[in-house]
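One structure below.
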Amino acid sequence: MKGKEQRRNLGYGLLFAAPWFIGFAVFTAYPIAASLYYSFCSYDAIRPPRWVGFQNYHRMFVEDPLFWKSLWNTLYMVGVGLPVSLAASLGIALLLNRKLRGIAFYRTLYYLPSITPVVAASIIWLWLLNPEIGLVNIVLRWMGVAHPPAWLTDPAWAKPGLILMSLWGAGGSMVIYLAGLQDVPEALYEAAALDGAGKWAQFRHVTLPMLSPVILFNLIMGLIGSFQYFTQAYVMTNGGPQDATTFYALHLFNQAFLDFKMGYASAMAWVLFVIALTCALVVFRTSARWVYYAGEAR
Amino acid sequence: MAIHVKATTGPTGNQTRQHGKGRTVARVARTIASHGVLLGIGVFFGLPFYWLVSTSLKPDSQVFAMPPVWIPHPIMWRNYPRALTYIPFARYTWNTLVICSLNVVGTVASCSLVAYSLSKIRWRGRDLVFLVLVSTMILPAQVTLIPTFTIFKWLGWIGSIKPLVVPSFFGSAFSVFLLRQFFLTIPNELSDAAKIDGCSELAIYSRIVLPLARPALATVGLFTFIGAWNDFLGPLMYLNDERSYTLSLGLQRFVSQHGAEWAMLMAASTVMTLPIIVLFFFAQKTFIQGVTLTGIKG
Amino acid sequence: MKYATSKDQIGRRVPANPLPMCGISAISRRILITARCLALFAMAAFSAGCGHPSRTGTTEIVYWTGWSGHEFEVQQRLIDEFNRTHPGIHVHMLSQFGTSGYQKVRIAFAGGATPDVMSTVWADELAGYAMRGVLTPLDDYLRKSGRNVDREFTPGVARMLQVDGHVYGLAVTTNTNFIAYNKQIFADAGLNPDWPPRTIAELDAAAQACTKYDAQGNFIRYGFRPGGLNLWAYVFGGQWYDPVSRRVTANDPHNVAALEWMASYRKKYDIQRMEAFQTTFGSDETPSGPFFVGKVAMWSTGEWAQEFIRRYAPRLRWGWFALPAPPNGRRNCTTAGGSVFVIPAACRHKKEAWEFLNWISSPHAVKAFCLGIGNVPPLISVGKDPAFQRDPLFRFAIAIAQGRNSFGPPPIPIWPTYSREIARVEQAAMLGGEDPKRLLDDLQVRMSRELRRTLADLGR
């Protein structure tokens, strides 16, 4: 690229991205910088912050066992919950990506839990996962499991229970997959079929590559969402039983808003930032190998 | 080039006719099977919403019965008029609509511009800006709430809807990321041709890329609308006059310290969720064009 | 991995006019028109809802309350009465929806956007806010209005309103703890329904007698499940903080005894099963709560339960008794708490704010509010009013509230953290089976350190 073209591109690039730059400068930069500053301060969110250096970080790593427990809980969500929900939403999107009479009705049906108020979902899941009379355990007993898990009242099974519940939220990613799926041209499938590719091969060699930009999106957003997992635990279990569902963001929230410890919470936020950013960077770095962009700007 | 779905090499014409009848039966069977699977799993997904609606018609005593009461008896139709007059529903709906529409317009306009810059123009520092943009989503919001509030206070916007609306005109990381991924699937031949013809970037953006990205824009619009519709914390923090309250705040009016008007709350929640369902059902056509039918293309 | 060149895709997706023409086009014009409409729309939207029409001569007082729903309405009626009878002041009440509004209250303090009066401060947090200097001390106002907190309020509430010798808030409600019991189950189990337990031993025995299992060993109903270590520690004669020595006393031997007693229920009954059984009936205060449907014989609750029982289980035959205490414990014990009305230090209309606060905490207003929402009044004079005394439950609850064994949160700035840690210790002992003494020793170390650091932070 010649210098003149480079400069022209730079000009246009900055111009088009100007809204974000302005927004970042006005609304985003200061809060982020402030929170970094708070992480090195003792700040109760009422009186001005007081610089204390690395004290918050020291306490976090050395004195707070709940920090490690909540981090573990969240990493569990990332490691187990994320793949499960990604696979589920992709599966459902594939299921719904067909022409069938009334398919619009089905798509709406599957999207419903994402827009139903949390209280409704919570009640249903409290019932479904009820150890005595819940549907899940009734089915398990019918299948011959003698002592089905006690789900939300058992520390060992509370997180899997919440992961099951998160499957319902597949609606959002499902919609994005559907929008991406319709971008896959019919012609490619037909050409593949002509070459003798069966359904599975078509999926692997046409669908997945064409869908890969969107998969990357859902993967990154799912990663970020799992690291920040909070709402269900706050509403349904409030961290119990025995801190099995005290996730990192919940612990952070308690420190920030119940305990007058905004400085400590900020330090926690930045530790999470580093961990999550590292994971995201790894995903982005390796994405070049499996993501196919038809329109990469040259 | 007309492209038809065609069978692989094999049956002759005669056999095709006979197999035609067999194929119809097979097709009907497949359709029934599809419906069966979709409905079977779909019932599961529809549970929370069904519970919501059925609870809105229950007398208070049955609301939290375990196991849940699936069919209310007696059916309390009057929960609905009671709920809709308990709070100024029409006004809150209008307030919410204003905020949502402005958000949609602002987000779609600004994010498409920024996403275009990050995907269709090659400029130095682009990838770094993209990374910074994505990483702004990683930091948990709890620790930036106070500095953000301070900015709005300094601007004098507390007590108005400006904090809820203006930032959407400056790009939202989520939507920019999503649109960038979609823009990257649009091949460059058309825009290259247009550039050779001497078209400006703005023209390429508005006349080539935007129309081709309509499904993605519709998806972004839908998510933005739903996010703003259900947002509770934002309106709570920045609105201080009940006359400007949104529906999500209005719903809290049903909740007392010891117990709540549960059935009425569910009725109000149902009414609040219905527009979103209708919106999604009809907007599907725009962002899920479905598997394209056979026929002439191009 | 590509099966076709991108030309096919172009072939499919080209818009109607494949040759873009440059320059101002129909689309650009459409965009401009839309932008103009948008701007008008936005201007209209932003200007709507801007402030109240100004009333000349009246001072506007903004009051934030945590109550919503039914309680909000009762309070609104009182606010209207105040506005009618005080022409120079207009109080505007805004609900912050209880605990959902937590973040907003904190942010208001942090961002300097507090209202003139607020009752969204819980008694737990009062010391924390007061010691950080964001609340107005009320001593002068009280004196000028001829009021005296120690004389007017029940002892527990009076103590709870004072931090460092100053009064920082006033209460208009309080609660009392006691145990409700199902007389029918008592009779069923062979106990005298009119003779509830008086001692811990009797309580344990009654719990045992009332618990029934089916053939598979599942619960049909259970007798009692102890909960609330915070309260039971006081019942057993302990305390969490000693104001005289100014020390955290988490591992006070009485506290340990209380926790050990609670944990004994874990050994006697399969606590995991009891938990599961309990959740079968939904939350305690919903219509299908275990007590309302006869699945538990005794339930530790407060005077608000009467309203629930009337609504959800009107045919239930029930009674009540004060928390039984061990020999060296405290009889008729209860906690005091709830919301406290405060005037933030940043208030700019303190005189008017005090006039409102004074009125809303006066016997007339307190009586109306407590009757309206079914809470115990914190004012001694109001408690003696026949309107409350004629209800047997309230007569009983008020007697306890006015007794000397009523304990509000200790006046330390770390109490929200401390009470949450106490709840976690309780869970660890009852569900996790950990050793009570070790748990409380650990709590002692941690909370002492926490208090020391926080006080140092506050410059004390």
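The values are calculated or read from the model by the stated rules, or taken from the named source; none is laboratory data. In this text, all values refer to a predicted model and were calculated from it rather than measured experimentally. Note: ideal-geometry Cβ built from the backbone for every residue, glycine included; neighbour counts use all protein chains shown. Areas reflect the complete protein model, heavy atoms only, side chains present, ligands, DNA and RNA absent. Shrake-Rupley method; radii C 1.70, N 1.55, O 1.52, S 1.80 Å.
If the requirement is being under 19 Å from A:F24 (Cβ atoms) and assigned to a helix (DSSP H, G or I), which of these qualifies: B:L128, B:L97, B:L84? So that I can check it myself, show each step before the final result.
On the way: B:L97 fails: under 19 Å from A:F24 (Cβ atoms); B:L84 fails: under 19 Å from A:F24 (Cβ atoms).
Among B:L128, B:L97, B:L84, only B:L128 is under 19 Å from A:F24 (Cβ atoms) and assigned to a helix (DSSP H, G or I).
For residues in the stretch A:33-47 being among the hydrophobic types (A, V, I, L, M, F, W, C) and not in a loop (DSSP other than H, G, I, E, B), which is farthest from the other protein chains (Cβ to nearest Cβ)?
A:C41
Restrict the check to the stretch A:160-172 and report whether at least one residue is in a helix (DSSP H, G or I) and among the β-branched types (V, I, T). Give the derivation first.
First pass over the stretch A:160-172, keeping only residues in a helix (DSSP H, G or I): A:160-172.
Applying the additional criterion that residues be among the β-branched types (V, I, T) yields A:163.
Yes, because at least one residue in the stretch A:160-172 is in a helix (DSSP H, G or I) and among the β-branched types (V, I, T).
Could you check the stretch A:1-25 and list, in sequence order, the residues that are surrounded by 14 or more Cβ atoms within 10 Å (Cβ to Cβ) and within 19 Å of B:S175 (Cα to Cα)? Full working, then the answer.
Applying the first criterion (surrounded by 14 or more Cβ atoms within 10 Å (Cβ to Cβ)) to the stretch A:1-25 yields A:8-10, A:12-24.
Within the stretch A:1-25, A:G13, A:L14, A:L15, A:F16, A:A17, A:A18, A:P19, A:W20, A:F21, A:I22, A:G23, A:F24 meet the criteria.
Take C:G459 and decide whether it is outside the structural domain of C:R266 (by TED's automatic domain parsing), more than 30 Å from C:P378 (Cα to Cα) and at pLDDT below 95. Show your work before the answer.
Working: outside the structural domain of C:R266 (by TED's automatic domain parsing): yes; more than 30 Å from C:P378 (Cα to Cα): yes; at pLDDT below 95: yes.
Yes, satisfied.
Taking the stretch B:104-131 on its own, how many of its residues are more than 7 Å from chain A (Cβ to nearest Cβ), crowded, with 24+ Cβ neighbours inside 10 Å and farther than 20 Å from A:A280 by Cβ?
Selection size over the stretch B:104-131: 2.
Go through the stretch B:225-238 and report how many residues are among the hydrophobic types (A, V, I, L, M, F, W, C) and more than 8 Å from every other protein chain (Cβ to nearest Cβ).
Filtering the stretch B:225-238 down to residues among the hydrophobic types (A, V, I, L, M, F, W, C) leaves B:225-226, B:228-229, B:232-233, B:236-237.
Going one step further and asking which of them are more than 8 Å from every other protein chain (Cβ to nearest Cβ), we end up with B:225, B:228-229.
So the count comes out to 3.
Within the stretch C:243-256, track down each residue that is buried (at least 21 other Cβ atoms within 10 Å of the Cβ) and of a type in the set (A, V, I, L, M, F, W, C).
Of everything in the stretch C:243-256, those that are buried (at least 21 other Cβ atoms within 10 Å of the Cβ) and of a type in the set (A, V, I, L, M, F, W, C) turn out to be C:V248, C:A250, C:V256.
Which pairs have Cβ atoms under 7 Å, sit 6 or more apart or on different chains, and link a residue in the stretch A:206-228 that is at the interface with chain B (Cβ under 7 Å from one of its Cβ atoms) to one that is not in a helix (DSSP H, G or I)?
Here the result reads A:P213/A:V291; A:P213/A:Y293; A:P213/B:L184; A:P213/B:T185; A:L216/A:V291; A:I224/B:M137; A:I224/B:I138; A:Q228/B:P140, each pair linking the stretch A:206-228 to a residue that is not in a helix (DSSP H, G or I).
Which of the helices (runs of 4 or more DSSP H) found entirely inside the stretch C:129-206 contain at least 2 residues meeting this: in contact with a Pro (Cβ under 9 Å, 6 or more places away or on another chain)? Steps first, answer last, please.
On the way: elements: C:139-144, C:149-152, C:155-160, C:183-188.
Fully inside the stretch C:129-206 and qualifying: C:155-160, C:183-188.
I need a count of the residues in the stretch A:148-159 that are touching a helix residue (DSSP H, G or I) at 6+ places or on another chain (Cβ under 9 Å) and either of a type in the set (F, W, Y) or in a loop (DSSP other than H, G, I, E, B) (or both).
The number of residues fulfilling the criteria is 6.
Please determine whether any residue of the stretch A:270-283 is assigned to a helix (DSSP H, G or I) and polar (S, T, N, Q). Spell out how you get there, then give the answer.
The first filter runs over the stretch A:270-283 and keeps only residues assigned to a helix (DSSP H, G or I), leaving A:270-283.
Then drop every residue that is not polar (S, T, N, Q), which leaves A:278.
Yes, that holds for at least one residue.
Anything in the stretch B:132-171 that is within 16 Å of A:A18 (Cα to Cα) and open to solvent by 40 Å² or more (accessible area, probe 1.4 Å)? List them, or say none.
B:V132, B:F169, B:F170 - these are the residues of the stretch B:132-171 that are within 16 Å of A:A18 (Cα to Cα) and open to solvent by 40 Å² or more (accessible area, probe 1.4 Å).
Quick check: is even one residue across the stretch C:88-99 free of Cβ contacts under 8 Å to residues at least 12 places away in the same chain, farther than 21 Å from C:G372 by Cα and among the aliphatic types (A, V, I, L, M)?
No.
Look through C:A201, C:A206, C:A233, C:A189 and report the one residue that is of a type in the set (A, V, I, L, M, F, W, C), open to solvent by 50 Å² or more (accessible area, probe 1.4 Å), in the same structural domain as C:F308 (by TED's automatic domain parsing) and farther than 30 Å from C:A353 by Cα. I'd like the intermediate steps shown before the answer.
Working: C:A206 fails: open to solvent by 50 Å² or more (accessible area, probe 1.4 Å); C:A233 fails: open to solvent by 50 Å² or more (accessible area, probe 1.4 Å); C:A189 fails: open to solvent by 50 Å² or more (accessible area, probe 1.4 Å).
From the options C:A201, C:A206, C:A233, C:A189, the qualifying one is C:A201.
Do any residues in the stretch A:164-187 that are open to solvent by less than 10 Å² (accessible area, probe 1.4 Å) have Cβ atoms under 7 Å from those of residues that are among the acidic types (D, E), where the two are at least six apart or on different chains, and which pairs are they?
A:P185/C:D8
What pairs can you find where one residue is in the stretch C:345-368 and over 30 Å from C:K384 (Cα atoms), the other is open to solvent by less than 60 Å² (accessible area, probe 1.4 Å) and among the charged types (D, E, K, R), and their Cβ atoms are less than 7 Å apart, with a gap of 6+ or different chains?
Every condition considered, the pairs that remain are C:C347/C:D116; C:H349/C:D116.
Residues in the stretch A:48-55: is at least one assigned to a helix (DSSP H, G or I), surrounded by fewer than 21 Cβ atoms within 10 Å (Cβ to Cβ) and out of contact with any Leu (no Cβ under 8 Å at 6 or more places or on another chain)?
Among the residues of the stretch A:48-55, at least one is assigned to a helix (DSSP H, G or I), surrounded by fewer than 21 Cβ atoms within 10 Å (Cβ to Cβ) and out of contact with any Leu (no Cβ under 8 Å at 6 or more places or on another chain), which makes the answer yes.
Which of (1) buried (at least 23 other Cβ atoms within 10 Å of the Cβ); (2) free of Cβ contacts under 8 Å to residues at least 24 places away in the same chain does A:L129 not meet, given it meets every other one?
(2)
List the number of the failed condition for B:W77; all other conditions in (1) in a helix (DSSP H, G or I); (2) of a type in the set (A, V, I, L, M, F, W, C); (3) farther than 25 Å from A:I32 by Cβ hold.
(1) is the only condition that B:W77 fails.
Cβ contacts < 6 Å: first residue acidic (D, E), restricted to the stretch C:214-227; second residue open to solvent by 20 Å² or more (accessible area, probe 1.4 Å), any location; separation 6+ or different chain. Result?
That search, which allows pairs on different chains as well, returns C:D214/C:I220.
So which residues in the stretch C:425-446 are closer than 24 Å to A:R59 by Cβ and touching a Leu at 6+ places or on another chain (Cβ under 9 Å)? Even if it seems obvious, please write down each step before you answer.
Start the filter on the stretch C:425-446 by keeping residues that are closer than 24 Å to A:R59 by Cβ, which leaves C:425, C:427-428, C:434, C:438-446.
Across the stretch C:425-446, the qualifying residues are C:V425, C:A428, C:L439, C:L440.
Take the conditions out of contact with any strand residue (DSSP E or B) (no Cβ under 6 Å at 6 or more places or on another chain), more than 26 Å from A:Q55 (Cβ to Cβ) and at the interface with another protein chain (Cβ under 9 Å from one of its Cβ atoms) and apply them to A:M268. Does it pass? Break it down into steps so the answer makes sense when it comes.
Working: out of contact with any strand residue (DSSP E or B) (no Cβ under 6 Å at 6 or more places or on another chain): yes; more than 26 Å from A:Q55 (Cβ to Cβ): no; at the interface with another protein chain (Cβ under 9 Å from one of its Cβ atoms): yes.
Against the criterion (out of contact with any strand residue (DSSP E or B) (no Cβ under 6 Å at 6 or more places or on another chain), more than 26 Å from A:Q55 (Cβ to Cβ) and at the interface with another protein chain (Cβ under 9 Å from one of its Cβ atoms)), A:M268 does not qualify.
In the stretch C:70-95, which residues are farther than 19 Å from C:A346 by Cα, at the interface with chain B (Cβ under 10 Å from one of its Cβ atoms) and not hydrophobic (A, V, I, L, M, F, W, C)?
The answer is C:H70, C:E71, C:E73, C:S95.
Residues in the stretch A:286-298: is at least one under 30 Å from B:E201 (Cα atoms), crowded, with 22+ Cβ neighbours inside 10 Å and within 11 Å of chain B (Cβ to nearest Cβ)?
Yes, that holds for at least one residue.
Within the stretch B:25-52, track down each residue that is at the interface with another protein chain (Cβ under 10 Å from one of its Cβ atoms) and open to solvent by 40 Å² or more (accessible area, probe 1.4 Å). Explain how you work it out, then say what you get.
Looking only at the stretch B:25-52, we keep the residues that are at the interface with another protein chain (Cβ under 10 Å from one of its Cβ atoms), and these are B:30-31, B:34-35, B:37-39, B:41-52.
Of everything in the stretch B:25-52, those that are at the interface with another protein chain (Cβ under 10 Å from one of its Cβ atoms) and open to solvent by 40 Å² or more (accessible area, probe 1.4 Å) turn out to be B:R30, B:T31, B:H35, B:V37, B:L39, B:I41, B:V43, B:F44, B:Y50.
Name the one entry in A:V80, A:V84, A:V62 that is within 13 Å of chain C (Cβ to nearest Cβ), open to solvent by 30 Å² or more (accessible area, probe 1.4 Å) and in a helix (DSSP H, G or I). Explain how you work it out, then say what you get.
On the way: A:V80 fails: within 13 Å of chain C (Cβ to nearest Cβ); A:V84 fails: within 13 Å of chain C (Cβ to nearest Cβ).
Just one listed residue meets the conditions, A:V62.
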